[in-house]
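Trainee: I'd like to ask you about the structure that follows.
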Amino acid sequence: MSHIEGTAARNGLLAVLPTGLSDDRLLADTQAFSPLTARERTVCVGILTGYTSEAMALNLGISINSVLTYRKRIYKKLCIASQSELFMITFRQLLSRRSVEEPSGIS
């Protein structure tokens, strides 16, 4: 077991990682996330669900450096500089999708 796997196991990360981390359907249909590759959207899902880079790397079977590279690419493509901006973009996209899906006159 590597140092990272040992640390993750001690912190309980391996037990709580969702099997659906690669489920990027939520982001795939939104225009704001269209410049991203499927793997970048997967990393976005990990960020948005609160997983550390270490936990995402273990779950996806890639190195932490790869996760960090994906984060950099995401931020560059979306023209953002922080995780909180990623949350804001996602929140706005979900709100705009909801307003389109709801019939007018219903609050």
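Here, each number is a calculation from the coordinates, and none is a lab measurement. Not measured: the values here are computed from a predicted model. Cβ atoms come from the backbone with ideal geometry, glycine included; neighbour counts cover every protein chain shown.
Trainee: Going by average Cβ density within 10 Å per residue, which order do the peptides 45-57, 82-94, 62-74 take, highest to lowest?
Mentor: Highest to lowest by the protection proxy: 45-57, 62-74, 82-94.
Trainee: Same structure, new question: So, how do all the Cα-to-Cα distances of the stretch 23-62 break down into 5 Å bins, in percent, from 0 on up?
Mentor: In whole percents, the pair-distance histogram is 6, 26, 33, 19, 12, 4.
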